[in-house]
């Protein structure tokens, strides 16, 4: 396994009360024709929120679709909630206990918000009509759409549709919740509401959150997985990921010059990332330059810094050119 | 969390998996989650079907179609017909077709929902299952509509309704109504768009507008329209001969519809199911649709107009029997026995007006169908044909019986069998008199019918003048003369002059000239007939 595990070995999963992980993956390979989207992923997941980070095309969505039983593995073993999704009967059982918000969900535009959730609730086998409608109302209230329950989906804004999709995924409080870019289009208030909802659910459920919103990961996740090229390149807690960046993040008043990963901050200063042993960026000897003009000041790294160091700088993406 | 929470539900057969630990709170709504995979999916299928059905019920397309179907049912009831069970069957099938058209439009939307927006696995039911559930919901709605329309008919036609209907044909409207949703599902599955609905929404009104306003203005367009129209009608009912009372025809139609509906559903699944099962679904669809086509081809060749349907093929054939009333034999089709008394109520007074010896010449009153050719099966050619359709807005059905009886009693061949002339023959005048001998008909109707009858046999001017007076004479006086002179007056040898002499009618007009238009106008004055007589031609009637 190529992942840098900072936690408890494979997956570092917090085990479920029964002791077994909710998700167990061994040697998962998924190919689309000649392209390999997942390349030998090993993973155990338990209750709590796990964040999936990675660049576009890293394999996050493919991994979620495999867990959601939407895609079959090309090779490897997948066990979701103790069941094998390759077997039809077990796949059905998994789907009963699953909440899935796909990336860019498309909803039938002529449904009302209530109608859409009611439809989803029927598909999720949620009780009789009265109980189901109560659950639908609860879902709408959870995402702040109760007042728009009679609005057609096509009349809702992008953010509202996203919230509707989230409400659909949360219906019935699933045991495994898979969220692919759930906070796209949400305003700050709704993002906070979303975090509260997911945190609440994650007490008993396993939540996997694929996102580019580092703040969401920082706020929500007990565990972070970084994917790159279909492989897990980091598996640990957000704190462990941040620790990795300590001593590699600086700020200075002027541009550090060509060859540095740096970007301009709102106050005119530059944030500079350095990688130990890369031969780029200021050497440790020159680093503690004090606060004078042109001097590099070491600063506390953020999760974003750590993520960029893990993915962007390592791969020589030329971030400084984008940032200028 | 605002919802009520309960302990964890059952984990299905075999207990819970290790990863889904016990004791996890669940919402009350998640009650059915513990069901096994198959029972749970069946439950979801049922609930989704019900969900779809409830939404379809308020679809504007279905509401419009339902209103049209109700109007159709009401207008059928108000048609001037003696309603038969065959009429009710046809009304039900037509209403079912209207509902099917509405369902076609209404089902397009949930079908689009499943094929376009149903990619994510949101529950145990797969895409094909969800798609089928839409069809099942549509079927529920269609059946409910048909049942409601049948109930409306039952209310409208309370009491015994005569007619010939095989029990299986009661199911036909319930299958017909499925054609719409099945067609919509197949078209949506393959096109993944609203295009079929848009096309139909454009074509149907355009067709209606064209036929009302512009038909007969451009022959080439008319040909295309007529061709398309006949193809559409053939798709709905490809059998030239169709009757709910002939079991083999009912079975053929049921088989055709059943195979077509199943074929369309399989065709829809071939575009929506899992990749592995698509080829199988497509193969099944082709086999089923080929079966439907084969059934239609067989029915269209084996049972067509001109091929007589023997009585043993009729439903209730064991009850087919002729019965005699006062010397007149009546042969109704099964189910129409109550009409015998009504037929006899027409012929009874005529019998009373004729001498007893005339009873030997009375024909068999035999019922044929407007829906198929009933095989007379050895009955003598001298018979009066009555049909299974009877209008109530005039005396015509009674006069038709009298007309046929008069021709048979006096040995006059009907015009449509062979053209002959009987000018100067007393039997022609007596037959024309008898053809209008219906006490329930008004004088004008009787005069019209007698005049038309006479006109078919190239009468002379003199014949017309004698008939004019004959129709004014008391019935008893004519009967008296007939009783005494039946043999000679009813034979081809009897002459107009002889009859006129016996009745004391003065002879006017030429016996060698055809009546002029003014003569006809005088006979038919007061009626709404403007009759143009058959020109003198053909041999003398034997």
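The values are calculated or read from the model by the stated rules, or taken from the named source; none is laboratory data. Worth saying up front: this structure is predicted, and the values here are computed from it rather than measured. In this analysis, Cβ positions are derived from the backbone assuming ideal geometry, glycine residues included, and neighbour counts consider all displayed protein chains.
Taking residues in the range A:101-123 that are closer than 22 Å to residue B:194 by Cα, and partners anywhere that are assigned to a strand (DSSP E or B), the pairs with Cβ atoms closer than 8 Å and at least 6 places apart or on different chains are A:109/A:152; A:110/A:152; A:111/A:152; A:112/A:152. Kindly establish whether residue B:104 is in the same structural domain as residue B:178 (by TED's automatic domain parsing) and either more than 26 Å from residue B:171 (Cα to Cα) or modelled with pLDDT under 95 (or both). The answer is no for residue B:104.
Give the residues of the range B:319-348 that are part of a helix (DSSP H, G or I) and touching a residue at least 60 places away in the same chain (Cβ under 8 Å), sorted by residue number. Break it down stepwise before answering.
Taking the range B:319-348 as the starting set, the residues that turn out to be part of a helix (DSSP H, G or I) are B:319, B:339-348.
The answer is B:339, B:346.
For the range A:162-189, a residue qualifies if it is more than 11 Å from every other protein chain (Cβ to nearest Cβ), in a loop (DSSP other than H, G, I, E, B) and either in contact with a strand residue (DSSP E or B) (Cβ under 8 Å, 6 or more places away or on another chain) or surrounded by fewer than 18 Cβ atoms within 10 Å (Cβ to Cβ) (or both), and the qualifying residues are A:181, A:182, A:184, A:185, A:187.
For residue B:81, indicate whether it is surrounded by fewer than 23 Cβ atoms within 10 Å (Cβ to Cβ), more than 11 Å from chain A (Cβ to nearest Cβ) and over 16 Å from residue A:108 (Cα atoms). Break it down into steps so the answer makes sense when it comes.
Numbers: surrounded by fewer than 23 Cβ atoms within 10 Å (Cβ to Cβ): yes; more than 11 Å from chain A (Cβ to nearest Cβ): yes; over 16 Å from residue A:108 (Cα atoms): yes.
Criteria met by residue B:81.
Given the criterion under 22 Å from the mean Cα position of the chain (by Cα), assigned to a loop (DSSP other than H, G, I, E, B) and more than 14 Å from chain A (Cβ to nearest Cβ), identify the matching residue among B:175, B:146, B:161. Give the derivation first.
Values: B:175 fails: assigned to a loop (DSSP other than H, G, I, E, B); B:146 fails: assigned to a loop (DSSP other than H, G, I, E, B).
Answer to the selection: B:161.
When residue B:290 is tested against (1) more than 18 Å from residue B:366 (Cβ to Cβ); (2) part of a loop (DSSP other than H, G, I, E, B), just one condition goes unmet, and that condition is (2). Looking across the range B:349-362, the residues that are free of Cβ contacts under 8 Å to residues at least 60 places away in the same chain and surrounded by 14 or more Cβ atoms within 10 Å (Cβ to Cβ) come down to B:351, B:362. Looking across the range A:74-100, the residues that are more than 7 Å from every other protein chain (Cβ to nearest Cβ), free of Cβ contacts under 8 Å to residues at least 24 places away in the same chain and assigned to a helix (DSSP H, G or I) come down to A:88, A:90, A:91. Return yes when residue B:283 is surrounded by fewer than 23 Cβ atoms within 10 Å (Cβ to Cβ) and touching a residue at least 12 places away in the same chain (Cβ under 8 Å) and no when it is not. Judged against the criteria, residue B:283 is not a match.
Within the group A:196, A:159, which residue is assigned by TED's automatic domain parsing to the domain that holds residue A:69, under 19 Å from the mean Cα position of the chain (by Cα), assigned to a helix (DSSP H, G or I) and over 21 Å from residue A:65 (Cβ atoms)? Answer to the selection: A:196. In the range A:135-149, what residues are facing another protein chain (nearest Cβ under 7 Å) and surrounded by 19 or more Cβ atoms within 10 Å (Cβ to Cβ)? Matches in the range A:135-149: A:135, A:138. One residue stands out among those in the range B:118-138 that are closer than 17 Å to residue B:49 by Cα and free of Cβ contacts under 8 Å to residues at least 60 places away in the same chain: the one that is surrounded by the most Cβ atoms within 10 Å (Cβ to Cβ), which is B:122. Within the range A:92-113, the residues that satisfy the criterion of being modelled with pLDDT of 90 or more and more than 23 Å from the chain's Cα centre (by Cα) are A:108, A:109, A:110, A:111, A:112, A:113.
Go through the range A:133-150 and give me each residue that's assigned to a loop (DSSP other than H, G, I, E, B) and under 26 Å from the mean Cα position of the chain (by Cα). Explain how you work it out, then say what you get.
Applying the first criterion (assigned to a loop (DSSP other than H, G, I, E, B)) to the range A:133-150 yields A:143-145, A:149-150.
If the condition is that a residue be assigned to a loop (DSSP other than H, G, I, E, B) and under 26 Å from the mean Cα position of the chain (by Cα), then A:143, A:144, A:145 are the ones that fit.
Applying the criterion of being surrounded by fewer than 24 Cβ atoms within 10 Å (Cβ to Cβ) and more than 9 Å from chain B (Cβ to nearest Cβ) to the residues of the range A:102-129, the residue that is nearest to residue B:58 (Cα to Cα) is A:112. Taking the numbered list (1) within 9 Å of chain B (Cβ to nearest Cβ); (2) surrounded by fewer than 15 Cβ atoms within 10 Å (Cβ to Cβ) in turn, residue A:157 passes all entries but (1).
Check the range B:195-206 and report whether any residue there is in contact with a helix residue (DSSP H, G or I) (Cβ under 6 Å, 6 or more places away or on another chain) and over 30 Å from residue B:387 (Cα atoms). Let's see the steps before the verdict.
Just the residues of the range B:195-206 that are in contact with a helix residue (DSSP H, G or I) (Cβ under 6 Å, 6 or more places away or on another chain), to begin with: B:196-197.
In the following step, the residues that additionally are over 30 Å from residue B:387 (Cα atoms) were identified as B:196-197.
Yes: one or more hits.
Only one of the numbered conditions (1) crowded, with 16+ Cβ neighbours inside 10 Å; (2) facing chain B (nearest Cβ under 8 Å); (3) not in a helix (DSSP H, G or I) is not met by residue A:71, and that is (2).
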